[in-house]
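Inspection log for the structure reproduced underneath, given as structure tokens.
The values are calculated or read from the model by the stated rules, or taken from the named source; none is laboratory data. This one's a predicted model, so the numbers in the text were calculated from it and none came from an experiment. For neighbour counting, all protein chains shown are included, and Cβ atoms are generated from backbone atoms with ideal geometry for every residue, glycine included.
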Amino acid sequence: MKDMINHKKPMQFSKFGVLTTATATALATLLPMAPSNAQLFGSNTDNGQLFGAKTDIDKDDHIAIAAPFGDNNYKLLVVEQKTDERQCWDEKGSEPVIVEPLLKNFDFTGICGRATDSNGYSIRVDGQDLGQQYNLQVVRQDQQLLLVGRPSLGNDGEQMIIGRTHGLAEGEYLKFDLEPQWEFAKRTYQGKILGHYYFAKTTVDIPFEDAKQDIYVKEIAKAVDRGFISGFEDNTFRPQEQLTREQVVSIAIESLKSIPELNITVPEQVSNSPYPDVATNRWSAAKIQWAKNNDIVSGYPNGTFRPADSVTRAELMAIENKVAQYAQQQLGQSSEQLPQTQEPFNFTDIQGHWANDLITQMSAACGIASPLNEQGDEFAPNEPAQRNYAAAATVRMLNCLEGDQTASLH
């Protein structure tokens with residue numbers, strides 16, 4: 001990462017000491033410890049939605065503060081201005097900016113938000129939560145304080161500089177200015193914004209702001225670069241929007257076109273409807289006809305295709321498998337199954353499902369089938385497939401075909 005510490009001579013950092021019992025009591029009104037059983041994330045829901053999209057938040061309503069305690073020690077304090085009822089903090093000066101935490105002088109419930117430890121804030125890079133891999137710490141260097149992400153024990157990652165105070169003022173609360181690319185972010189759960197604060201950064205070059213902190217951002221960027229999926233006219237990607245059956249047909253065909261050795265020609269229009277509910281003038285009619293002719297998709301027993309219906313995650317795996325088989329046939333390869341590059345995942349919710357064997361097989365093939373939101377042990381086969389996962393699964397399928405056997409995020 002661009003802001004990792006990289007100097008010819010090792011830098012000497014002074015980590016501030018541990019909060020003592022006496023000091024903790026003195027700061028209890030401002031820096032209370034969160035309960036030990038605090039939960040950062042909710043449990044699974046009936047609709048399969050663990051998390052919503054990452055939410056960018058107004059930087060002017062949030063501040064990262066170096067809060068003094070003990071003998072010239074500091075710890076991180078995050079404060080949010082939730083309403084305009086009372087001012088939560090005041091600032092004065094520059095290099096460094098001195099902060100007066102006004103919220104300690106009144107009952108700030110519902111007015112100010114506050115986080116004082118890792119239960120309330122953590123690091124997120126390229127859509128990945130790094131709370132278990134990195135600790136946020138305040139260190140002193142060259143007459144200023146740095147907010148850094150330090151690798152946890154057992155993690156050999158590099159230290160990251162997230163913010164700096166641009167000066168010192170002993171015993172004062174000091175503002176951290178975040179480094180370029182770093183921003184405050186939050187997540188949503190069942191449509192509600194969660195209270196946990198992220199120091200978030202995106203290293204992937206992607207034009208869609210709403211995808212920059214998505215868990216699949218790297219694969220979305222690859223999918224867009226290969227041209228089999230794109231954003232919308234308002235410059236959004238809408239990563240968690242449900243994918244329709246006709247949209248997944250389009251993705252399947254365009255992904256095949258992205259394989260250099262294949263020459264795929266799809267007519268722009270058809271004279272006859274491929275299915276009774278797919279009119280000849282529908283934008284997807286010719287693609288659906290081509291996919292039907294090449295055994296990539298099929299309709300329902302009653303003869304319909306239902307192009308605008310959501311495609312399920314299990315159906316997505318079936319289509320990914322059919323696309324891979326078609327490509328293998330055209331390339332003169334064995335089309336029985338994709339290379340098994342890893343141990344199959346032991347999903348707990350697919351036993352007895354029509355796609356049980358297929359999902360297991362696809363999980364062993366470059367991790368094409370992976371747990372819902374890359375967490376837990378459920379695949380959620382009947383849940384609607386979202387655009388972000390469809391992009392990721394298709395990238396993984398193409399990687400398997402082309403010998404880039406990169407495992408899933410899980």
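The residue that is farthest from Thr244 (Cα to Cα), counting only those in segment 256-290 that are out of contact with any Leu (no Cβ under 9 Å at 6 or more places or on another chain) and assigned to a helix (DSSP H, G or I), is Lys257. Within the bounds of segment 240-255, is there any residue that is hydroxyl-bearing (Ser, Thr, Tyr) and in a loop (DSSP other than H, G, I, E, B)? Looking through segment 240-255, none of the residues is hydroxyl-bearing (Ser, Thr, Tyr) and in a loop (DSSP other than H, G, I, E, B). Is it true that Pro344 is surrounded by fewer than 23 Cβ atoms within 10 Å (Cβ to Cβ) and either closer than 21 Å to Lys257 by Cα or under 20 Å from the mean Cα position of the chain (by Cα) (or both)? Criteria not met by Pro344. Out of Arg124, Arg140, one residue alone is over 25 Å from Val204 (Cα atoms), assigned to a strand (DSSP E or B) and charged (D, E, K, R). It is Arg140.
Looking at segment 214-239, which of its residues are part of a loop (DSSP other than H, G, I, E, B) and in contact (Cβ under 8 Å) with a residue 12 or more places away in the chain? Correct list: Asp214, Ile215, Tyr216, Gly227, Phe228, Ile229, Gly231, Asn235, Thr236, Phe237, Arg238, Pro239. Within segment 158-168, can you find the residues that are loosely packed, with under 15 Cβ neighbours inside 10 Å and not acidic (Asp, Glu)? Listed by number, the list is empty, since nothing qualifies. Checking the conditions here, which among Leu243, Leu153, Leu146 is buried (at least 21 other Cβ atoms within 10 Å of the Cβ) and more than 20 Å from the chain's Cα centre (by Cα)? On inspection, the qualifying residue turns out to be Leu146. When you scan segment 317-334, how many residues do you find that are surrounded by fewer than 16 Cβ atoms within 10 Å (Cβ to Cβ) and touching a helix residue (DSSP H, G or I) at 6+ places or on another chain (Cβ under 9 Å)? The number of residues fulfilling the criteria is 3.
Across segment 347-366, the qualifying residues are those that are crowded, with 24+ Cβ neighbours inside 10 Å and not aliphatic (A, V, I, L, M), and the one among them that is modelled with the lowest pLDDT is Cys366. Restricting to segment 137-186, count the residues that are free of Cβ contacts under 8 Å to residues at least 12 places away in the same chain and over 22 Å from Ser94 (Cβ atoms). Result for segment 137-186: 3. Scanning segment 82-107 for residues that are farther than 15 Å from Ala66 by Cα and buried (at least 20 other Cβ atoms within 10 Å of the Cβ) gives Cys88, Leu103. In this structure, Leu401 qualifies as under 23 Å from Gly227 (Cβ atoms), assigned to a helix (DSSP H, G or I), touching a Leu at 6+ places or on another chain (Cβ under 8 Å) and at pLDDT below 95.
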